[in-house]
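Have a look at the structure below before the remarks.
The values are calculated or read from the model by the stated rules, or taken from the named source; none is laboratory data. Treat the numbers as computed from the prediction; the structure is a model and nothing was measured. Here the Cβ positions follow ideal geometry from the backbone for every residue, glycine too, while neighbour counts run over all protein chains shown.
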Amino acid sequence: MTESADLVRVYREQIGRIVATLIRVLGDFDLAEEIAHDAFAAALEQWPTEGTPSNPAGWLVQTARHKAVDEVRRRAVSQRKLREVQTVFDIEQSFSPEKAEDGAMGDDRLSLIFTCCHPSLATDAQVALTLRTLGGLSTDEIARAFLVPATTMAQRLVRAKGKIKDAKIPYRVPPKELLSERLDAVMAVVYLVFSEGYTATAGDELIRRDLCAEAIRLGLLLDRLMPDVSEVNGLCGLMLLHDSRQAARLDAHGDLILLDDQDRSLWSAEAITAGLAKTESALRGCAGRPGSYALQSAISACHARARGPDDTDWPQIAALYQLLLNVHPSPVVALNRAVAIAMASGPEAGLRSLEPIAASRELEHYHLFHATRADLLRRLGRHALALAAYRRALELAQGAPERRFLQRRIEEVSRASAPAN
């Protein structure tokens, strides 16, 4: 592996915890991001000539610590010497090897999520700010996830940071009596971090395992904070069951393998067992009124329990999606329900379920809507319409593995529709 590849991997794994700890000790989002990125810039300059260090993560943590101390001292003036000494002490303690090993820097990330999810911030700002600071996503990547221009997203991030600073929002996990008012936002953020890792919105890699692992870790931390909340159990179950399939989702070339074509022997039995246990806890604790995460987890459990594609209980999955649509009306949920109906009752029934979504045009710019419609048309032999839908999906898709998959589908359908010699 090259030094640049090493750096990209370590950046994705470490940026969240370094920024989170810097925000806690410095109280400044922008300065924390600047120092963290300076540390990575130093690595980008030194590693190609000096070689990748034996402990790349430790090197970056200590470089960030030194740069933070230098910046605090540079900015300090004589009348603030005592504050400078205290801040330097906090930095040294926060970035000590012992803190890194015992998980204290990880707990900073949970505090960061609750800070970003303060109820005074709009929900989209909460999610965007957490993805930026914790997940290390660029403004462009977050903008694509929200389907807004990058300039709009940049303005949202600036306003959110300013509001936290001006309102002096505390950097901490709130007391238990205040947890519930932020829980929905925090769970949404954790799941969006997981979703970005599970299917990256852009780039050469479909999967960012570091983000998936971080989201699961944060979800389990939430579960320890609030062990009796059904939806937290459901969220953890959902992420664990999805994550169990990671090893089977890509082939040797990094290309996408659809669920029905995956080698299920590669699915993680350990993650499935843990995910099913969390799902069952969620359903037991919901008093007969499951929330959206509990229902999504139950849907994933149907796939996890199936020995193969032909054993999948698609009528049950379609029924669960209908319940989910009642609890959480969404065009994406309606799209997934249409897929389940197609699998249970045939592609013609699936297409009929897509008609209201198409009429609303809510998913006109969502590549998976067009890819789904294209697949159903392909299965019905309507090649010209399928080609048009696949091409529209390709126009909208950002990730390289998904684009390669769609291009292959276009070539297959083109060959199928060509007149015989």
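If you go through the stretch 301-310 and pick out every residue that is touching a residue at least 24 places away in the same chain (Cβ under 8 Å) and among the charged types (D, E, K, R), you end up with 2. Within the stretch 211-240, residues that are closer than 19 Å to PRO174 by Cβ and in a loop (DSSP other than H, G, I, E, B) have Cβ atoms under 7 Å from residues that are hydrophobic (A, V, I, L, M, F, W, C) and modelled with pLDDT under 85 in these pairs: MET226/LEU179, counting only partners at least 6 apart in sequence or on another chain. Screening the stretch 31-67 for residues that are of a type outside the set (Gly, Ala, Ser) and not in a helix (DSSP H, G or I) and picking the one that is nearest to the chain's Cα centre (by Cα) gives ASN55.
Among the residues of the stretch 354-385, the one identified as surrounded by 21 or more Cβ atoms within 10 Å (Cβ to Cβ) and among the polar types (S, T, N, Q) is THR372.
Restricting to the stretch 295-316, name every residue that is out of contact with any Ser or Thr (no Cβ under 7 Å at 6 or more places or on another chain), outside any helix (DSSP H, G or I) and among the small types (Gly, Ala, Ser).
Correct list: GLY308 only.
For (1) modelled with pLDDT of 95 or more; (2) aromatic (Phe, Trp, Tyr); (3) more than 29 Å from ALA358 (Cβ to Cβ); (4) buried (at least 17 other Cβ atoms within 10 Å of the Cβ), each residue gets a yes or a no:
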| position | (1), (2), (3), (4) |
| --- | --- |
| ASP260 | no, no, no, no |
| TRP267 | yes, yes, yes, yes |
| ARG289 | no, no, yes, no |
| ALA294 | yes, no, yes, yes |
| GLN316 | yes, no, no, no |
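The single condition among (1) assigned to a helix (DSSP H, G or I); (2) surrounded by 14 or more Cβ atoms within 10 Å (Cβ to Cβ); (3) at pLDDT below 80; (4) among the hydroxyl-bearing types (Ser, Thr, Tyr) that TYR191 does not meet is (3).
Determine which member of the set ALA32, ALA36, ALA100, ALA104 is buried (at least 18 other Cβ atoms within 10 Å of the Cβ) and at pLDDT below 70. Break it down stepwise before answering.
On the way: ALA32 fails: at pLDDT below 70; ALA36 fails: at pLDDT below 70; ALA104 fails: buried (at least 18 other Cβ atoms within 10 Å of the Cβ).
The unique qualifying residue is ALA100.
Scan the stretch 223-232 and give yes if some residue there is over 21 Å from LEU394 (Cβ atoms), under 16 Å from the mean Cα position of the chain (by Cα), modelled with pLDDT under 85 and not β-branched (Val, Ile, Thr), otherwise no. No: zero hits. LYS278 satisfies every condition listed in (1) among the basic types (Lys, Arg); (2) buried (at least 21 other Cβ atoms within 10 Å of the Cβ); (3) within 30 Å of LEU363 (Cα to Cα) except (3).
Just to be sure before I move on: is GLU355 acidic (Asp, Glu), out of contact with any Leu (no Cβ under 8 Å at 6 or more places or on another chain) and at pLDDT 95 or above in the structure I sent? Criteria met by GLU355. Close contacts from the stretch 311-338, counting a first residue that is in contact (Cβ under 8 Å) with a residue 12 or more places away in the chain and under 20 Å from SER195 (Cα atoms) and a second that is outside any helix (DSSP H, G or I) and not hydroxyl-bearing (Ser, Thr, Tyr), with Cβ to Cβ under 7 Å and a gap of 6+ residues or different chains, come to PRO331/GLU362; PRO331/LEU363; LEU335/LEU363. Just one of (1) under 24 Å from ARG17 (Cα atoms); (2) buried (at least 21 other Cβ atoms within 10 Å of the Cβ); (3) not aliphatic (A, V, I, L, M) fails for ASP210. It is (2). Of the residues SER265, SER281, which single one is closer than 26 Å to PRO174 by Cα, outside any loop (DSSP other than H, G, I, E, B) and over 20 Å from the mean Cα position of the chain (by Cα)? Only one candidate passes the filter, namely SER281.
Among the listed residues GLY350, GLY346, identify the single one that is closer than 28 Å to ILE410 by Cβ and surrounded by fewer than 16 Cβ atoms within 10 Å (Cβ to Cβ).
Details: GLY350 fails: surrounded by fewer than 16 Cβ atoms within 10 Å (Cβ to Cβ).
Result: GLY346 is the single residue among GLY350, GLY346 that is closer than 28 Å to ILE410 by Cβ and surrounded by fewer than 16 Cβ atoms within 10 Å (Cβ to Cβ).
Restricting to the stretch 123-149, name every residue that is among the hydrophobic types (A, V, I, L, M, F, W, C) and surrounded by fewer than 14 Cβ atoms within 10 Å (Cβ to Cβ). Spell out how you get there, then give the answer.
Here is the first cut: in the stretch 123-149, the ones among the hydrophobic types (A, V, I, L, M, F, W, C) are 125, 127-129, 131, 134, 137, 142-143, 145-148.
LEU147 - this is the single residue of the stretch 123-149 that is among the hydrophobic types (A, V, I, L, M, F, W, C) and surrounded by fewer than 14 Cβ atoms within 10 Å (Cβ to Cβ).
Looking only at the stretch 43-59, which residues are without any contact (Cβ under 8 Å) to a residue 24 or more places away in the chain and either under 26 Å from ARG73 (Cα atoms) or in contact with a Gly (Cβ under 7 Å, 6 or more places away or on another chain) (or both)? If the condition is that a residue be without any contact (Cβ under 8 Å) to a residue 24 or more places away in the chain and either under 26 Å from ARG73 (Cα atoms) or in contact with a Gly (Cβ under 7 Å, 6 or more places away or on another chain) (or both), then GLU45, GLN46, TRP59 are the ones that fit.
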